[in-house]
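Everything below concerns the one structure shown next.
The values are calculated or read from the model by the stated rules, or taken from the named source; none is laboratory data. Note that this is a predicted model, so its numbers are computed, not measured. Cβ coordinates were reconstructed from backbone atoms using ideal geometry, including for glycine residues, and neighbour counts include every protein chain displayed. Surface accessibility is based on the protein's heavy atoms, side chains included, excluding ligands, DNA and RNA. Shrake-Rupley method; radii C 1.70, N 1.55, O 1.52, S 1.80 Å.
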Amino acid sequence: MRRPNLPAMQAFRRVVELQSFGAAARSLEVTGGAVSKLVAQLEQDLGVRLLHRTTRSVSVSTQGAVYYQDAVRILDEVDAATEAA
């Protein structure tokens with residue numbers, strides 16, 4: 001298992017919070033394809049399905065909900081460390 005990168009974690013967090021790849025892409029100022037690739041790579045790195053995707057919706061999986069909580073904590077700690085520096 002590869003260690004996930006911060007941009008992938010940020011993309012996943014935005015998708016969960018905004019419930020949309022397109023909205024996540026706009027908030028991160030990247031393309032929808034870039035967000036999709038980041039999340040797909042994160043899922044591959046972790047070996048679990050984090051999101052359930054259909055043509056009309058996206059929802060978080062059980063494993064994704066657990067990972068989301070940890071990702072939020074980690075990303076918030078990185079932000080706090082950056083602000084403190």
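For the chain, what relative contact order do you get, as a whole percent, if you take Cα pairs closer than 8 Å and at least 6 residues apart? Could the numbers behind the result be given before it?
Working: 86 pairs, mean separation 25.7, N = 85.
It rounds to 30 percent for the chain.
Mind ranking VAL60, VAL16 by accessible surface for me, highest first, 1.4 Å probe?
Details: VAL60 60, VAL16 30 Å².
Sorted descending by solvent-accessible area, the residues read VAL60, VAL16.
For helix 6-18, report the angle its Cα long axis makes with the longest principal axis of the Cα atoms of the chain; keep it between 0 and 90° and round to the nearest 10°.
Approximately 60 degrees, to the nearest 10.
If I take R0 = 30 Å and measure r between the Cβ atoms of ALA80 and ARG56 in this structure, what FRET efficiency does the formula 1/(1 + (r/R0)^6) give, to the nearest 0.05? Kindly include the intermediate steps, with their values, before the conclusion.
Details: r = 37 Å, r/R0 = 1.22.
FRET efficiency, ALA80 to ARG56: 0.25.
Working from Cα positions, state the angle (0 to 90°, nearest 10) between the long axis of helix 32-46 and the longest principal axis of the chain.
80 degrees
Any idea what the relative contact order of segment 39-80 is, in percent, if you count C-alpha pairs under 8 Å spaced at least 6 apart?
Working: 23 pairs, mean separation 10.6, N = 42.
Relative contact order comes out at 25 percent.
Evaluate the distance, in nm, between pseudo-label points positioned 7 Å from the Cα of VAL72 and of LEU6 along their respective Cα→Cβ axes.
For VAL72 paired with LEU6, the spin-label model returns 2.0 nm.
Report, in degrees rounded to the nearest 10, the 0 to 90 angle that the Cα long axis of helix 62-84 makes with the longest principal axis of the chain.
30 degrees
For the chain, what does the equivalent ellipsoid look like in terms of its semi-axes, each the square root of 5 times an eigenvalue of the Cα gyration tensor, given largest first in whole Å? Working shown, then result.
Numbers: eigenvalues 81, 47, 28 Å².
Calculated on Cα positions only, the semi-axes equal 20, 15, 12 Å.
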